[in-house]
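Inspection log for the structure reproduced underneath, given as structure tokens.
The values are calculated or read from the model by the stated rules, or taken from the named source; none is laboratory data. In this text the structure is predicted, and so the values were computed from the model without any measurement. Note: ideal-geometry Cβ built from the backbone for every residue, glycine included; neighbour counts use all protein chains shown.
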Amino acid sequence: MKVLNLYAGIGGNRKLWEDVEVTAVESNPEIAQIYQRSFPDDKVKMCDAHAYLLKHFTEFDFIWSSPPCPTHSRARYWGWSKKRPVYPDMRLYEEIIFLQHHFKKRWVVENVKPYYEYFFNPVEIGRHLFWSNFEIKKIQHKSSDIIKLSGTSKKDKMTRNTVDQEIGEYILNCAIDEDYEKPTEQGRLF
């Protein structure tokens, strides 16, 4: 299965994926290097994920996209944005609409819970929202310790915003088999 992992970050969502050929797209060279060290068999492209999607979407069996979230986040809205508001980055919704109408295979777009009412109905798991063209059953998930980091360093922020590896595994398995349910004794998902 050929998977496109857009805005790959350090690859938290990808950590438990097995038997897949992954192309990861990350524009930040430092973060892309961390990803490549963690997943040496993956192809890593250092370029704009939004543009890459448009040019290469037909080459894949499954697409995972996690567009930048800062302009959507409630924390930004409640905090310093009141002093200096910005437009929400609409690439999030551009990609959802694009994938809905042009990609006939399985896809998921992930982002944070926004400060505004969202345009399409997502599934909420933990701290994240997921839009997809397949059923993702809503599950209870207790965030892992890596997500609970509260520091302000670049590394802390990077890991705090990462999709938990068990959620990444669960969603990929849902995409492969819509009847998939992870047994309760194998994890914290239920």
Scan segment 41-64 residue by residue and report those that are hydrophobic (A, V, I, L, M, F, W, C) and touching a residue at least 24 places away in the same chain (Cβ under 8 Å).
Val44, Ala49, Leu53, Leu54, Phe57, Phe60, Phe62, Ile63, Trp64
Within segment 5-12, is there a residue that is part of a loop (DSSP other than H, G, I, E, B) and of a type in the set (S, T, N, Q)?
no
Within segment 1-31, tally of residues that are in contact with a strand residue (DSSP E or B) (Cβ under 8 Å, 6 or more places away or on another chain) and under 20 Å from Asp89 (Cβ atoms):
8
Hey, can you tell me all the residues within segment 79-134 that are more than 16 Å from the chain's Cα centre (by Cα) and acidic (Asp, Glu)?
Glu117
Inside segment 74-190, counting only helices (runs of 4 or more DSSP H) that do not spill past its ends, which hold 2 or more residues that are buried (at least 16 other Cβ atoms within 10 Å of the Cβ), at pLDDT below 65 and not acidic (Asp, Glu)?
154-160
Tally of residues being under 17 Å from Glu169 (Cβ atoms), among the basic types (Lys, Arg) and surrounded by fewer than 20 Cβ atoms within 10 Å (Cβ to Cβ) across segment 1-56
1
